[in-house]
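Beneath this line is the structure, given in structure tokens, with notes to follow.
The values are calculated or read from the model by the stated rules, or taken from the named source; none is laboratory data. Everything numeric here is computed off the predicted structure, so don't read it as measured data. Note: ideal-geometry Cβ built from the backbone for every residue, glycine included; neighbour counts use all protein chains shown.
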Amino acid sequence: MHPAIDRILEYRQIVKLNGTYIDGLLRKVDHTGRIHTTFDQTGTSTGRISSNEPNLQNIPIRTEMGREIRRAFVAKPGHLLVDGDYSQIELRVLAHMSGDEAMCDAFIRGQDIHTRTAAEINGVPMQQVTGAMRSAAKAVNFGIVYGISDFGLANNIGVSRKRAADFISRYFERYPKVQAFMENAKKEGYQSGYATTLYGRRRWLKELKSSNANLRNFGERAAMNTPIQGTAADIIKAAMVRVHRRLADSGLESRLILTVHDELIIEAPEQEAAQAASLLRESMEQVIELSVPLVCEIKTGRSWYDTK
């Protein structure tokens, strides 16, 4: 309750932003005024491409002060940044791989999945879903992909452990094939020793053979999560290849310059920006055919901040 506490926390945030993302990035600027990162294709267990020296994938986005740093990342003169971002790709992959009719139906109808889940769990029409209901449902939706426990969910949404357990129970009642998929993923992990993505890439799960319960629990979560998160990682890589080839085949000067999780960014001459945006959307949405549509949100601007 002391008035100094908020000031101390604000100071810590500013020092962190300044040291890591301002002073740190300025040291990486080359003689052309640009920053170049190094991408590592084998640096993560999920299969996602990582970024190093500097890491351009952890530029802040959650706080307004942190987002301001993205204003410093600008296209070169006469160019624009075209940003394509997959919408809820992991939940769409989960819907496809589990084959759950209710979840697939929500995406096919173009409904907001978190509002639909909140309505299902709380037994109310979608029009009556409150902001608090939707926030809790969002935490459950994304938490399920990572094998969240009632304890973890309780901490995330600020409810009792019993209430959180009830949430998860009702979630699986409404999406029974999601639960079956998760249980089968664990079973297959123990049987084969690895988890597999939709593209056939394997992640070995030596933790499942451990005598340590915590390590085995980690292995079980990885067994459930890898088919989902790993497939999403494979899709974004396949989309990168498709975008790169289509830009070249179209004779455009636009080029792919950055990937951040579920996002691809093109630097395009102003006169090509609309064509590059159309090409980016088509390439990302059509890279693989799932039982639910892939949706890509496209934004264009002079700076990275403008595309968010």
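What to note about this one:
- Of Ser51, Ser45, all but one fail to be hydroxyl-bearing (Ser, Thr, Tyr), surrounded by 18 or more Cβ atoms within 10 Å (Cβ to Cβ), modelled with pLDDT under 95 and not assigned by TED's automatic domain parsing to the domain that holds Asn184; the exception is Ser51.
- Any chance Glu90 is outside any loop (DSSP other than H, G, I, E, B), under 20 Å from the mean Cα position of the chain (by Cα) and touching a residue at least 24 places away in the same chain (Cβ under 8 Å): yes
- Residue match in region 93-100 (condition: at pLDDT 90 or above and either surrounded by fewer than 19 Cβ atoms within 10 Å (Cβ to Cβ) or farther than 22 Å from Asn225 by Cβ (or both)): yes
- Identity of the residue in region 72-87, outside any loop (DSSP other than H, G, I, E, B) and under 19 Å from the mean Cα position of the chain (by Cα), that ends up surrounded by the fewest Cβ atoms within 10 Å (Cβ to Cβ): Asp85
- Residue in region 223-245 that is among the hydroxyl-bearing types (Ser, Thr, Tyr), in contact (Cβ under 8 Å) with a residue 24 or more places away in the chain and either outside the structural domain of Asn52 (by TED's automatic domain parsing) or touching a Ser or Thr at 6+ places or on another chain (Cβ under 7 Å) (or both) present: yes
- The criterion of at least 3 residues that are in contact with a His (Cβ under 6 Å, 6 or more places away or on another chain), closer than 23 Å to Phe142 by Cα and of a type in the set (A, V, I, L, M, F, W, C) is met by none of the helices (runs of 4 or more DSSP H) wholly inside region 195-308.
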